[in-house]
Amino acid sequence: DTAVSQTPKYLVTQMGNDKSIKCEQNLGHDTMYWYKQDSKKFLKIMFSYNNKELIINETVPNRFSPKSPDKAHLNLHINSLELGDSAVYFCASSPDWGGRPYEQYFGPGTRLTVT
Amino acid sequence: AQTVTQSQPEMSVQEAETVTLSCTYDTSESDYYLFWYKQPPSRQMILVIRQEAYKQQNATENRFSVNFQKAAKSFSLKISDSQLGDAAMYFCAYRRGNTGNQFYFGTGTSLTVIP
C-alpha cells in the first residue's frame, strides 16, 4: 500500500509549457507539503496545506499554484515552465499537531526536466 | 526562524565501521522534534530516526542512534557497523512541537561507504 503517491514520476517538457503534478496520501494526515529539491540536493519548502487551507506559502514564482481539492490530495500546477524549474519535486504529508509522531512521509518524487 | 546546520557536506566510512554525522539547530522553543532522513540514489526520502526534545534518552533504531545534546542544540547521528546500503544523503530536520507545521531541513551530508 503506497502511503504518499505522486504522478508522474518523470516529466520532460519544453519551456513555456504548463504542467501539473498530482499527489495523494492515504494516511489520513491533515497536512500536506510541496518541496523542491535542486541539483545540489537542497530541499526547499514551497507550500503547505492543512485541511485544504493554505498555511505555508514560501517565496516562489506565482507561476506555481497549488490546489487541494480535499485533504488527501495536493496538486501542483506550473505555468510557463522555465529551465530553472528543472528539479525533483516532493510531496509529503504529516499528522496534525494532535497526532504523534510528527514525522513527514514523502512521496517518491517527480523529476521535472525542462528543455 | 529556525535553522538547521549540517557542517559536513560529505563523509565516508569503511564498511563495518562506525560513522557520526553532525547536525546543529537554532531554536528558542522548548517543545520540538528532530529527525534524520535518508535519501538513497532511488531518491525516496526515508525516515531513519526521530527524537522528541522532551525525552532525555537518546533514540535508537537498530544500528542507528543519536546523540541529542539539548543545551548545545546538537543532534548527531551515529551509524554502527556501516553497510553498503547505508550510502545515501542524510538530512537532519526540525519541527516545532505544538502548532508548528513547518519542517526545517539541513543541507544534507552525502555518505559514502567504502567496501
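Annotations for the structure displayed:
- Counting the residues of the range B:12-43 that are open to solvent by less than 30 Å² (accessible area, probe 1.4 Å), polar (S, T, N, Q) and under 22 Å from A:GLN37 (Cα atoms) gives 1.
- Subset of the range B:60-111 (residues that are at positive phi and open to solvent by 70 Å² or more (accessible area, probe 1.4 Å)): B:ASN62, B:ASP81
- Matching residues, the range B:69-101, being within 11 Å of chain A (Cβ to nearest Cβ), in contact (Cβ under 8 Å) with a residue 40 or more places away in the chain and not in a strand (DSSP E or B): B:GLY97, B:ASN98, B:GLY100
- Residue tally, condition open to solvent by 50 Å² or more (accessible area, probe 1.4 Å), assigned to a strand (DSSP E or B) and touching a Ser or Thr at 6+ places or on another chain (Cβ under 9 Å), over the range A:26-66: 4
- Test result for A:ASP30, within 14 Å of another protein chain (Cβ to nearest Cβ) and touching a strand residue (DSSP E or B) at 6+ places or on another chain (Cβ under 7 Å): yes
The values are calculated or read from the model by the stated rules, or taken from the named source; none is laboratory data. Not measured: the values here are computed from a predicted model. For neighbour counting, all protein chains shown are included, and Cβ atoms are generated from backbone atoms with ideal geometry for every residue, glycine included. To get the accessible areas, we keep the full protein, side chains included, count just its heavy atoms, and leave off ligands, DNA and RNA. Shrake-Rupley method; radii C 1.70, N 1.55, O 1.52, S 1.80 Å.
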